[in-house]
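Here the structure comes first, spelled out in structure tokens, and everything after it is commentary.
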Amino acid sequence: LYTGYERAELPSVPYAKQILEYVDILVAGRYQQNLRNTSLQWRGSENQEISFLSDRYNQSILLECNQVEINIDEFGSLVTLGYPDDSFG
């Protein structure tokens, strides 16, 4: 779950407690361009933090490197997921 909130703000968000009961992995913190790091998994800036909220996953699944996923649909449309660096083109 990408929240867009800092972890400390979550208790004041309506229904956050109920929603978090169903979340395995939480990414908290706002994206900050000046802290951009393309070698982070599941987040784009160094201030964002990952929390494992269930026993389903843990820190061992993190692979900190620049990952970009490109999907091409049957009509030739491209969807890019991830944080490509400037050399991506």
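Brief remarks on what is shown
- Computed from the C-beta positions of Ser77 and Tyr31 and an R0 of 25 Å, the FRET efficiency is 0.50 to the nearest 0.05.
- For Val79, net neighbour charge (Lys/Arg +1, Asp/Glu -1) across residues whose Cβ lies under 14 Å away: -3
- Label-point separation in nm, Ile19 to Gln59, each point 7 Å along Cα→Cβ: 2.7
- Amide H contacts under 5 Å for Ser45, placed H, 5+ residues apart: Gln32, Asn37
- Neighbourhood charge, 11 Å Cβ-Cβ cut-off, centred on Gly44 and excluding it, Lys, Arg +1 and Asp, Glu -1: +2
- Helices in the chain, meaning DSSP H runs of at least 4 residues, each add -39500 (n - 2.57). Divided by all residues, the mean residue ellipticity at 222 nm is -1000 deg cm²/dmol.
- Note on Gln67/Arg7: beta-carbon distance plugged into 1/(1 + (r/R0)^6) with R0 of 22 Å gives a FRET efficiency of 0.40.
- Of all accessible heavy-atom area on the chain, the percent that carbon and sulfur account for (1.4 Å): 51
The values are calculated or read from the model by the stated rules, or taken from the named source; none is laboratory data. As the structure is a prediction and not an experimental result, all values here were calculated from the model. A quick note on method: Cβ atoms are made from the backbone with ideal geometry, for glycine too, and the neighbour counts reach across all protein chains shown. The accessibility values were calculated without ligands, DNA or RNA, using every heavy atom of the protein model including side chains. Shrake-Rupley method; radii C 1.70, N 1.55, O 1.52, S 1.80 Å.
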